[in-house]
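Participant: Below you will find the structure I want to go over with you.
Here, each number is a calculation from the coordinates, and none is a lab measurement. As the structure is a computational prediction, the values presented were derived from the model and not from experiment. Cβ: placed from backbone, ideal geometry, glycine included. Neighbour counts: every protein chain shown.
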Amino acid sequence: MNVIQAFHQYLDYTENWAYKLVKNIPDVQNFIVAKEYLRFNFYDPNFKFIEFPLKKADVFGKKTTGIKIFNRTVHILLGLYPYYVYRVLKGIKVDILHSHFAYTGWDYRRLAKKLNAKHVVSFYGLDYEQLPHREKKWKKRYKKLFEEADLFVCEGSHGAKILKEYGCPEEKIIVNRLGVEVEDIPFYKRDKKENSLKLVQIASFREKKGHIYTVKAFAKALKRCPNMSLTFVGIGEKRKEVERLVKGFGIKSKVHFIDVIDYTQLYNFLKDFDVFIHPSCYAKDLDCEGGAPIVLLDAQATGMPVISTTHCDIPDEVIHGETGFLSEEKDIKSLSEFIEVFYRMDKKKFLEMGEKAREHVEKNFDIKKNAKKLYDIYKELIKNGNP
């Protein structure tokens, strides 16, 4: 089976989950197409990459006027990239064109037709509500996309419900979970002491990640639970605001900021913390998780319980009261109370939650199992036109 995996750009380090999904789909030849390629670690010898001959220039990080003009020209010519892909692949029987994110689906919808390939579109985050809220033209584009594409894949029931409300035919919507490579993730029995807690949040500093609620809840709990620390890992537009908030609460000695970590060392890094906190919420511009942050699965797979929220499909990833605790969005009081529960929790109960977290991920979010399900979806779509 020949499958085009289409991305806007390939591949930001925060989208490692997409690489893991694609590389674990069995019995397919994946052709990666993207208008821009980022040089990270997500290259697989079994993938075939189709790169546009022209690339933007950057001379020692300094862009002269000439380089800027050249880059603008390349940007315009990139509109021809789908046609270039067609020229490269027209002699190959392409079975599926899988567009990752709705805006990618829009860019490649004509290519799917020209190649006579089934068009699958996956929604993930900002494309659910932020994009049509920010730019009204996308409401019309979605209607056309719903007519033309063959199948729409969501991470969970929350996303499926949104697409149905937009007018996507129910028979064109299917839920297929993402996941993590569980067998490669070490399980750690953490030696958490009563009346102590080390919290960590790994996320880009964006409004929907809820960092300000992490800080406010932590500061509130700290009054009753002094033997705690909080570590943030990430960069982004909201970091300065979060740093000011930490300073304003007078808790700088308790809160640590790290820009980035080597993703290959993620699990080794996580083993030194007790609880993962990630209070996702809707941003003012309606940006949302769409599904749920994959890092919640990474943490739980190592045996780490989670504090999060009922935002989008997070309740599928984190079982309230068993693998962690979930508050309503932006509920500082509940978040603070959950921090205190973990702070006072004895080792036996804590280890039980960690074991349940691992079991939950193994059972429901093994990426190899879910990638196989995606293969079955492809196969059924090719055979019958509907999975």
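Participant: Filter Lys240/Lys348; Lys35/Lys140; Lys254/Lys356; Lys161/Lys240; Lys136/Lys369; Lys193/Lys223 down to the pairs with a C-alpha to C-alpha distance above 27 Å, please.
Facilitator: Details: Lys240/Lys348 38 Å; Lys35/Lys140 24 Å; Lys254/Lys356 29 Å; Lys161/Lys240 35 Å; Lys136/Lys369 38 Å; Lys193/Lys223 19 Å.
Pairs exceeding the cut-off: Lys240/Lys348; Lys254/Lys356; Lys161/Lys240; Lys136/Lys369.
Participant: In the chain, once you exclude exposed trypsin sites (Lys or Arg not before Pro) (DSSP loop, at most 10 other Cβ within 10 angstrom), what's the longest stretch remaining? Don't jump to the answer; show the numbers that get you there.
Facilitator: Values: sites that count: Arg39, Lys90, Lys93, Lys136, Lys223, Lys284.
In the chain, the maximal stretch lacking such sites is 285-387.
Participant: Estimate the FRET efficiency between Lys271 and Arg206 by the formula 1/(1 + (r/R0)^6), using the beta-carbon distance for r and 22 Å for R0, to the nearest 0.05. Each step should come with its number before you reach the end.
Facilitator: Working: r = 26 Å, r/R0 = 1.19.
The value I calculate is 0.25.
Participant: Expressed in nm², what is the orientationally averaged projection area of the convex hull enclosing the Cα positions of region 182-364? The partial results should precede the final answer.
Facilitator: Working: hull surface 37.3 nm².
About 9.3 nm², averaged over all directions.
Participant: Hey, another quick one. For Ser157, Ser308, Ser229, what's the fewest-to-most ordering of other Cβ within 10 Å of each Cβ? Working shown, then result.
Facilitator: Details: Ser157 14, Ser308 27, Ser229 18.
Going from sparsest to densest Cβ surroundings: Ser157, Ser229, Ser308.
Participant: So what is the 222 nm mean residue ellipticity for the chain from helices alone, if each DSSP H run of at least 4 adds -39500 (n - 2.57) and you divide by all residues, rounding to the nearest 500 deg cm²/dmol?
Facilitator: On the way: 15 runs with 158 residues, N = 387.
So the calculated ellipticity at 222 nm is -12000 deg cm²/dmol.
Participant: Whole percent per 10 Å bin, from 0 to the bin with the longest distance: what is P(r) over all C-alpha pairs of region 235-292?
Facilitator: That works out to 16, 39, 40, 6, in percent per bin.
Participant: For Glu171 and His133, compute 0.36 nm times the residue count separating them, minus their Cα-Cα distance, and round to one decimal in nm. Present the calculation step by step, with values, prior to reporting the outcome.
Facilitator: Numbers: separation 38, 0.36 × 38 = 13.68 nm, distance 2.50 nm.
Length difference between fully extended and current span is 11.2 nm.
Participant: For a footprinting-style exposure proxy, rank Met353, Met1, Met304 by other Cβ within 10 Å, fewest first.
Facilitator: Working: Met353 23, Met1 16, Met304 27.
The order, fewest Cβ neighbours first, is Met1, Met353, Met304.
Participant: Taking 30 Å as R0, compute the FRET efficiency from the Cβ-Cβ separation of Asp27 and Asn384 and round it to 0.05. Before the final figure, lay out each step's value.
Facilitator: Numbers: r = 18 Å, r/R0 = 0.61.
FRET efficiency, Asp27 to Asn384: 0.95.
Participant: Give the range of the longest stretch in the chain that excludes all GluC sites (Glu not before Pro) found in loop regions by DSSP and having at most 11 other beta-carbon atoms within 10 Å. Mind showing how you got there, number by number?
Facilitator: Working: sites that count: Glu135, Glu237.
Answer - 238-387.
Participant: Follow-up. Considering only DSSP beta bridges whose two residues both sit in the chain, what percent are antiparallel, to the nearest 5? It would help to have the intermediate numbers written out before the result.
Facilitator: Numbers: 1 of 47 bridges.
About 0 percent, rounded to the nearest 5.
Participant: Using the 10 angstrom Cβ neighbour count as an exposure proxy, how do Thr264, Thr14 rank, fewest first?
Facilitator: Numbers: Thr264 8, Thr14 16.
Neighbour counts put them in this order, fewest first: Thr264, Thr14.
Participant: Taking the dipole about the Cα centre of the chain, with the C-beta of Lys and Arg at +1 and of Asp and Glu at -1, give me whichever of Phe7, Tyr142, Tyr84 is farthest to the positive side.
Facilitator: Value: Tyr84.
Participant: What size of dipole, in debye to the nearest 20, comes out for region 182-364 about its Cα centre when the only charges are +1 on Lys and Arg C-beta atoms and -1 on Asp and Glu C-beta atoms?
Facilitator: Working: 30 positive and 30 negative charges, 229 e Å.
Here region 182-364 has a charge dipole of around 1100 debye.
Participant: Let me ask another. Quick one: dipole size for the chain, taken about the Cα centre, charges +1 on Lys/Arg Cβ and -1 on Asp/Glu Cβ, in debye to the nearest 20.
Facilitator: Working: 67 positive and 53 negative charges, 268 e Å.
Roughly 1280 debye, rounded to the nearest 20.
Participant: If you stretched the chain out fully between Ile261 and Phe187, how much longer would it get, using 0.36 nm times the residue separation minus the C-alpha to C-alpha distance?
Facilitator: Values: separation 74, 0.36 × 74 = 26.64 nm, distance 1.96 nm.
My answer for the length gained is 24.7 nm.
Participant: Which residue, Phe187, Leu197, Pro169, has the largest displacement toward the positive end of the dipole of region 156-198 when charges sit on each Cβ (Lys, Arg +1; Asp, Glu -1)?
Facilitator: Leu197
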